[in-house]
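Colleague: Below you will find the structure I want to go over with you.
The values are calculated or read from the model by the stated rules, or taken from the named source; none is laboratory data. From a predicted model like this one, the values you see are computed outputs, not experimental measurements. Cβ coordinates were reconstructed from backbone atoms using ideal geometry, including for glycine residues, and neighbour counts include every protein chain displayed. Only protein heavy atoms, including side chains, enter the accessible area calculation; ligands, DNA and RNA are left aside. Shrake-Rupley method; radii C 1.70, N 1.55, O 1.52, S 1.80 Å.
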Amino acid sequence: MVFRLIDGRFLTALATAGFMLAVTGCQSGGSGSFLSPTPKDPKQVAADEGKILASELLAYCPNVTLRDGTAFFNSYAKGGQDDPAKLVHQSAITDVTRSCTRADGTMTIKVGVAGKVVVGPAGGAGAITMPIRVAVTRGEEVLYSELHKNAVQVTDPATATQWVFTVPNITIPNPTARDIVIYVGYDEGPAKKPAKN
């Protein structure tokens with residue numbers, strides 16, 4: 001009877017210890033045992049030290065950013081600037097994307113912009129042209145900047161018209177760091193100078 005009691009306690013303790021070892025091994029996150037340290041992945045070592053691996057740089061494609069205040073574009077009838085009753089149309093950028101390819105020491109970027117146009121009280125069906133600027137910068141250095149004219153045909157003024165605009169071949173030197181930014185937004189150009197008296 002005593003032997004059975006001791007044997008039962010021993011088996012229970014052994015089973016509990018085995019379970020604890022199994023749980024500890026599962027939570028270690030590596031393929032080694034919990035007693036031996038798991039070797040670190042070289043990518044993790046580089047990330048811990050703040051370095052960028054060549055493979056990561058080759059996979060790098062700069063992000064697209066909308067500058068503040070450039071996601072919307074309003075067009076008004078002549079003499080009706082900022083008058084809601086004279087609004088011809090309002091267009092908005094709703095999504096941006098990009099893809100990158102590399103060849104011969106250069107990166108070619110394709111930028112896609114999607115949006116919609118809503119016709120205002122002074123507008124109607126017809127062609128609408130919107131000024132969209134795409135710029136690529138490295139810090140203060142401008143690598144590419146061009147103002148594009150995006151033409152959209154509105155057939156039903158009662159509903160929003162969806163549009164997609166693409167700039168397919170922006171070429172820049174291959175980046176040596178992750179310091180490139182792509183900017184997209186409406187750009188009405190420089191403010192008109194007041195007329196001289």
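Colleague: Is there a residue being assigned to a strand (DSSP E or B), open to solvent by 40 Å² or more (accessible area, probe 1.4 Å) and in contact (Cβ under 8 Å) with a residue 12 or more places away in the chain anywhere in the range 184-196?
Modeller: Applying the first criterion (assigned to a strand (DSSP E or B)) to the range 184-196 yields 184-186.
Right, trim to open to solvent by 40 Å² or more (accessible area, probe 1.4 Å) and you get none.
No: zero hits.
Colleague: Can I ask one more? Which count do you get for residues in the range 122-177 that are under 25 Å from residue 78 (Cβ atoms) and not in a strand (DSSP E or B)?
Modeller: The initial filter retains those residues of the range 122-177 that are under 25 Å from residue 78 (Cβ atoms), namely 122-133, 147-158, 160-161, 163.
Imposing the further condition that a residue be not in a strand (DSSP E or B) reduces the set to 122-125, 155-158, 160.
The number of residues fulfilling the criteria is 9.
Colleague: In the range 55-111, how many are in a strand (DSSP E or B) and either out of contact with any helix residue (DSSP H, G or I) (no Cβ under 6 Å at 6 or more places or on another chain) or under 23 Å from residue 146 (Cα atoms) (or both)? If you could, list the steps in order and put the result at the bottom.
Modeller: Pass one, the range 55-111, residues in a strand (DSSP E or B): 64-66, 72-76, 87-103, 106-111.
Then drop every residue that is not either out of contact with any helix residue (DSSP H, G or I) (no Cβ under 6 Å at 6 or more places or on another chain) or under 23 Å from residue 146 (Cα atoms) (or both), which leaves 64-66, 72-75, 87-103, 106-111.
Of the residues in the range 55-111, 30 are in a strand (DSSP E or B) and either out of contact with any helix residue (DSSP H, G or I) (no Cβ under 6 Å at 6 or more places or on another chain) or under 23 Å from residue 146 (Cα atoms) (or both).
Colleague: Out of 105, 124, I need the residue that is exposed (fewer than 12 other Cβ atoms within 10 Å of the Cβ), in contact (Cβ under 8 Å) with a residue 60 or more places away in the chain and touching a Pro at 6+ places or on another chain (Cβ under 9 Å). Which one?
Modeller: Numbers: 124 fails: in contact (Cβ under 8 Å) with a residue 60 or more places away in the chain.
Step by step, each of 105, 124 is checked, and only 105 is exposed (fewer than 12 other Cβ atoms within 10 Å of the Cβ), in contact (Cβ under 8 Å) with a residue 60 or more places away in the chain and touching a Pro at 6+ places or on another chain (Cβ under 9 Å).
This table checks each residue for (1) among the small types (Gly, Ala, Ser); (2) at pLDDT 95 or above.
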| residue | (1), (2) |
| --- | --- |
| 92 | yes, yes |
| 113 | no, yes |
| 118 | no, yes |
| 128 | no, no |
| 168 | no, no |
